[in-house]
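Rule-based calculations on the coordinates, nothing more; no lab input. Everything numeric here is computed off the predicted structure, so don't read it as measured data. Here the Cβ positions follow ideal geometry from the backbone for every residue, glycine too, while neighbour counts run over all protein chains shown.
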Amino acid sequence: MSTSPPDVPSDPAAAPAARRARVTAVTSGKGGVGKTFVSANLAAALALRGERVLVLDADLGLANLDVVLNLTPKITLHDVFTAKATLDDAIVPAPGGFSVLLAGSGMVEYSRLTPEVRSKLLGVINTLAPRFDRILLDTGAGISDVVLYAVSLADEVALVVTPEPTSMTDAYATVKVLASQQQRGTIRLVVNQVQHLAEGRAVCAQLQRVIDRYVNPTALPAVKLDLLGAIPADAAVREAVQKRQLLLEVYPGSAAAKAIVALAERLAT
């Protein structure tokens, strides 16, 4: 698989006026469910389809996209926010043929949603949107103000969950907040680490029943979960993560890689 960067125009005005990236927030109710792994490999799968993709590390202050991709950023989103570097300087090619905009780790000032953070993040996305086909926002986990604001900037939400009870409980809490604060009518679901594909459908159905009972009686619009895909538990995933390489690069024939490719196809339609 080629790792050459996509052709990114440096001038937003060079792109057609009507064109704007579709922004997808990849989020989760709790950490440790594979959200960043999904974001990175989904980007690679979308790039394989010919899309020009940017992954923006929106986990401000606790970023780890660089670790997953084995990148050592010299310039981060923090440098852009503080005007020490330009956006073009901060965007770097990633393995898999997509681009990334990495955030710095341990930035306490980004743990709260200040008016400055709000304005600068919105400005970055608005500047980049005409230059890509797809922007994936790899958000933090949970329902902090920073996470919810990042999600609010997206056209659609992909919620990553595992079949574990704690993950499902936190996913429900996330859906409840997104319904009440952002009036999200559709939330797309990615069920990671399933033992079989039917388990993904069962998790989606179980969450939908709880939402129908406790959220939808007062939600406008009513929330419907759209099962984007299920990714099987696969030893190849652990090996790829330990190698700090994309699953689609090192084990493209694995069951999990094939599931991510199918997930990208569904997302793109």
VAL55 long-range amide H proximity, modeled H, under 5 Å: SER99, VAL100, LEU101, LEU136
Residue-wise HN-Hα coupling along region 199-207, computed from phi with Karplus coefficients 6.51, -1.76, 1.60 (Hz; x: Gly, Pro): 5, x, 5, 5, 4, 4, 5, 5, 5
DSSP-defined beta bridges in the chain - what % are antiparallel, rounded to 5: 15 percent
Calculated from backbone phi, Karplus (6.51, -1.76, 1.60) coupling profile of region 132-147 in Hz, x at Gly/Pro: 9, 8, 8, 10, 9, 9, 7, 7, x, 8, x, 10, 5, 4, 5, 5
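Would you calculate a helix-derived [θ] at 222 nm for the chain, using -39,500 (n - 2.57) for each DSSP H run of n ≥ 4 and dividing by the full residue count, to the nearest 500?
On the way: 11 runs with 113 residues, N = 269.
Using -39500 (n - 2.57) per qualifying helix, the result is -12500 deg cm²/dmol.
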P(r) histogram, all alpha-carbon pairs of region 229-269 included - 5 Å bins from 0, percent: 5, 29, 29, 22, 12, 3, 0
Most fluctuating residue given options THR24, THR114, THR169, as computed from a GNM of the chain linking Cα atoms under 10 Å: THR114
Student exercise, the chain dipole from Lys, Arg, Asp, Glu Cβ charges, in Debye to nearest 20: 500 debye
Backbone HN-Hα couplings from phi across region 161-167 [Karplus 6.51/-1.76/1.60, Hz, Gly and Pro as x]: 9, 10, x, 5, x, 5, 5
Interchain or long-range residues, amide H under 5 Å from LYS30's placed H: GLY142
Built amide H within the under 5 Å cut-off of LYS224, gap 5+: THR186, ILE187
